[in-house]
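Undergrad: Just dropping this structure here.
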Amino acid sequence: MIKLELKDGSVKEVESGKSIYEIAQGISEGLARVATCGKINGEVKDLRTIINEDCKLEILTFDSEDDDKEGKKAYWHTTSHIMAQAIKRLFPEAKLAIGPAIDEGFYYDFDVEVPFSEEDKAKIEEEMKKIIKEDLPIERFNLPKAEALELMKDEPYKQELINDLAEGEEISFYKQGDFTDLCAGPHLMSTGKVKAVKILSSSGAYWRGSEKNKMLQRIYAISFPKASQLEEHLQLLEEAKERDHRKIGKDLKLFMTHKLVGAGLPLYLPKGATIRRTLERYIQDKELALGYWHVYTPSLANVDLYKTSGHWDHYKDDMFPMMKMDEEELVLRPMNCPHHMLVYKNELHSYRDLPIKIGELAHDFRYENSGAVCGLERVRQMCQNDAHLFVRPDQIKEEVGKVLNLIKEVYQKDFGFSPDAFKYRLSLRDKDNIEKYIDNDEMWETAESQLRAILKELNIEFYEAKGEAAFYGPKIDIQIKTALNHDVTIPTCQLDFALPERFDLSYIGEDGEKHRPVVIHRAILGTSDRFMSFLLEETKGNLPTWLAPVQVKILNITDNQLEYANEVADILRKHKVRVELDDRNEKIGYKIREAQLEKVPYMLVIGDKEVQSKTVGVRSRKDGDVGAVALDEFVKNIVEEIETLAK
């Protein structure tokens, strides 16, 4: 007999030699029916895995609450094999590449002569449903390398993957009916466990993501245990299209991209630049009120700066290649902290000077793959709302608390996000993968325990995530649940004992001796670019009046009102209201519809009656047709709305 510690903490004794699936059956037939995979001591395993010793066992289902979605991914990965089997039945000449589960469903890449048409995809989906109905048992088996290559002799991409495996490594396959695929798993017990499927889209994809390789055809799809779940997901996808910041940005003329500039390098158009400028002034004003000092530092630096900071050893793959100029080796910076270390070190500091808060809206550069860049969300050049707080050890708790309070003020008070949408994550290093991090166990233990203690003392609920720390220290990440039910990380607060050591930073203590400061890295808006993409998707482009690029649009009915319309525009501009006059010779209904599509907060309709009474006909994006309002009253109200950051 062996002892299994289950997720709820209970201990179950079972006979040695049982599979995870058999153990699930022993717990309940209902659990076995919905089980998708298991975790043995935290490691994901196939349901067919035999257990011979005491361990911690978690049996996952499609609905398991798991940040990595392993329960869902086993379900989706099984469905990717069903899709591959359907395609091999319909298109026997197709060659198989890879078919992984992803965060929202799965894809499979195929080498075919002609791209799949919409008609083809409909046939594939129908064939998938037939395979599901056949309820084919799924079997796992292993082969030595030579036999594995022979089995996959007609699949060149599979052979390439097999040849990449080390000698003696286990080579596993999964078989369902007439179809066998190279795969590590895990998988469901039969094809009939999958219920509702939908092919979503297709696109070209280079083999192994390299432009040097052949272009394959990639099909994206998803599956669910219930038809109602699929229907709900499809509705969410339609909502996502409406909220896609790239579509909103194009429709509202906020930003553009061009191949002559390059992937991941957006161009901000006047209205987008207005939003970004307003956001950046807003956060800088917040910081100035809290005692921050702002600096400008160069986007380029000697590579030795990043060797000193540790970025070169731990972050080089995410940096642009080094450039040589005269006798110097230069590199575009991926982040601002090394520059700020030198700003601090530029003069001697007393313990009385601390905390010293150095902020910057700085351009950073990341070497993102062209396939990964996305609108403003993932770019190669970004403007980071970065700051570094140089503090005494006795100031850590207070200053971390102030950072967390600033995050709450920005996101909840000023932008109106619900506290329920926030989760606090303590991001720790992965001790099993220590080469990713600066090597100093004592520093890591101190920093992690301090952040943990601070969160507890501040009565903040949090969860821990191994492997999510920065290479130089642990951090508190604020996870925000978006309108599309995604978890995103934007604001963050990091504790760093490493860089002060590497740059030999110090301050003179009360005892007259040199002491080492601690650095708190923090980002509130993250990057201007990503925050804008997030905000556009959350609001569908309906930005609050204080942030809207055009706050008021004046619509004259005929040319007879142009003089008064211009007078109104001038008065509003003097009060720093962003205004446009639509004086085109168009019908007023057409002008109103255009302004509505532009998501302008206020329209002021001006006809002869308004000219005579010195009023404006107010149409509000939020309240509809308000009617005639005295001009001075409207000006007073909108100025107050802007100044108070009304939502």
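The values are calculated or read from the model by the stated rules, or taken from the named source; none is laboratory data. Because the structure is predicted, anything quoted here is derived from the model rather than measured. Counting neighbours? That spans all protein chains shown, and the Cβs are built from the backbone with ideal geometry, glycine included.
Undergrad: Looking at (1) under 22 Å from Val343 (Cα atoms); (2) at pLDDT 90 or above, find the lone condition where Tyr472 falls short.
TA: (2)
Undergrad: Can you work out which of the residues in segment 518-529 that are in contact with a Pro (Cβ under 9 Å, 6 or more places away or on another chain) and over 14 Å from Met443 (Cβ atoms) is surrounded by the fewest Cβ atoms within 10 Å (Cβ to Cβ)?
TA: Gly526
Undergrad: Could you check how many residues of segment 421-444 are farther than 19 Å from Gly310 by Cα and without any contact (Cβ under 8 Å) to a residue 12 or more places away in the chain?
TA: Residues flagged as farther than 19 Å from Gly310 by Cα and without any contact (Cβ under 8 Å) to a residue 12 or more places away in the chain within segment 421-444 amount to 1.
Undergrad: Next question, about the same structure. With Leu451, Leu458 as the choices, which residue is over 19 Å from the mean Cα position of the chain (by Cα), surrounded by 18 or more Cβ atoms within 10 Å (Cβ to Cβ) and more than 30 Å from Leu547 (Cα to Cα)?
TA: Only one candidate qualifies: Leu451.
Undergrad: Restricting to segment 10-41, give me the number of residues that are without any contact (Cβ under 8 Å) to a residue 12 or more places away in the chain and β-branched (Val, Ile, Thr).
TA: Within segment 10-41, residues that are without any contact (Cβ under 8 Å) to a residue 12 or more places away in the chain and β-branched (Val, Ile, Thr) number 1.
Undergrad: Follow-up question, since we're still on this one. Are there any pairs, at least 6 apart or on different chains, whose C-beta atoms fall under 8 Å, with the first in segment 283-312 and under 27 Å from Ile438 (Cα atoms) and the second among the hydroxyl-bearing types (Ser, Thr, Tyr), and if so, which?
TA: These pairs meet every condition: Tyr306/Tyr315; Ser309/Tyr472; Gly310/Tyr472; Trp312/Tyr306.
Undergrad: Would you tally the residues in segment 368-421 being in a helix (DSSP H, G or I) and touching an Asp or Glu at 6+ places or on another chain (Cβ under 9 Å)?
TA: 3
Undergrad: Ok, one more. Out of all the residues in segment 125-141, is one or more within 20 Å of Arg208 (Cβ to Cβ) and outside any strand (DSSP E or B)?
TA: No, because not a single residue in segment 125-141 is within 20 Å of Arg208 (Cβ to Cβ) and outside any strand (DSSP E or B).
Undergrad: Okay, next question. Would you kindly identify the helices (runs of 4 or more DSSP H) lying entirely within segment 1-119 that contain at least 3 residues that are under 23 Å from Gln159 (Cα atoms) and out of contact with any Leu (no Cβ under 9 Å at 6 or more places or on another chain)?
TA: It comes to 70-90.
Undergrad: Now a separate question. Of all residues in segment 265-277, which are farther than 13 Å from Ser533 by Cβ and surrounded by 12 or more Cβ atoms within 10 Å (Cβ to Cβ)?
TA: Within segment 265-277, Leu265, Leu269, Lys271, Ala273, Thr274, Arg277 qualify.
Undergrad: A follow-up question, please. Just checking, which of Asp504, Asp477 is surrounded by fewer than 15 Cβ atoms within 10 Å (Cβ to Cβ), of a type outside the set (Val, Ile, Thr) and either out of contact with any Ser or Thr (no Cβ under 6 Å at 6 or more places or on another chain) or assigned to a strand (DSSP E or B) (or both)?
TA: From the options Asp504, Asp477, the qualifying one is Asp504.
Undergrad: Let me ask you something else. Looking at segment 589-647, which of its residues are of a type in the set (Gly, Ala, Ser) and assigned to a strand (DSSP E or B)?
TA: Matches in segment 589-647: Gly617, Ser620, Gly624, Gly627, Ala628, Ala630.
Undergrad: Okay, moving on. Show the residue pairs that are 6+ apart or on different chains and have beta-carbon atoms under 6 Å apart, the first residue being within segment 335-346 and without any contact (Cβ under 8 Å) to a residue 12 or more places away in the chain, the second being outside any loop (DSSP other than H, G, I, E, B) and buried (at least 23 other Cβ atoms within 10 Å of the Cβ).
TA: No pair meets every condition.
Undergrad: The conditions are (1) closer than 28 Å to Arg392 by Cα; (2) modelled with pLDDT under 95, and Tyr296 fails exactly one of them. Which is it?
TA: (2)
So that you can scan it fast, the table gives a plain yes or no per residue for (1) in contact with a Phe, Trp or Tyr (Cβ under 8 Å, 6 or more places away or on another chain); (2) within 15 Å of Gly375 (Cα to Cα); (3) modelled with pLDDT under 95:
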position: Ala240; (1), (2), (3): no, yes, yes
position: Thr257; (1), (2), (3): no, yes, yes
position: Gly264; (1), (2), (3): no, yes, yes
position: Leu269; (1), (2), (3): yes, yes, no
position: Gly272; (1), (2), (3): yes, yes, no
position: Leu279; (1), (2), (3): yes, no, no
position: Ile283; (1), (2), (3): no, no, no
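Undergrad: For segment 318-343, what are the residues that are touching a Pro at 6+ places or on another chain (Cβ under 8 Å), in a helix (DSSP H, G or I) and surrounded by 14 or more Cβ atoms within 10 Å (Cβ to Cβ)?
TA: His339, Met341
Undergrad: Hey, Lys614 hits all of (1) touching a Lys or Arg at 6+ places or on another chain (Cβ under 8 Å); (2) free of Cβ contacts under 8 Å to residues at least 60 places away in the same chain but one; which does it fall short on?
TA: Among (1) touching a Lys or Arg at 6+ places or on another chain (Cβ under 8 Å); (2) free of Cβ contacts under 8 Å to residues at least 60 places away in the same chain, Lys614 violates only (1).
Undergrad: Pick out the one residue from Leu499, Leu572, Leu495 that is at pLDDT below 95 and in a helix (DSSP H, G or I).
TA: Leu499
Undergrad: If Pro100 passes every condition in (1) in contact (Cβ under 8 Å) with a residue 24 or more places away in the chain; (2) within 20 Å of Gly192 (Cα to Cα) but one, which one does it miss?
TA: For Pro100, the failing item is (1).
Undergrad: Any residue that is surrounded by 15 or more Cβ atoms within 10 Å (Cβ to Cβ), modelled with pLDDT of 95 or more and in a loop (DSSP other than H, G, I, E, B) - is there at least one of those in segment 196-213?
TA: no
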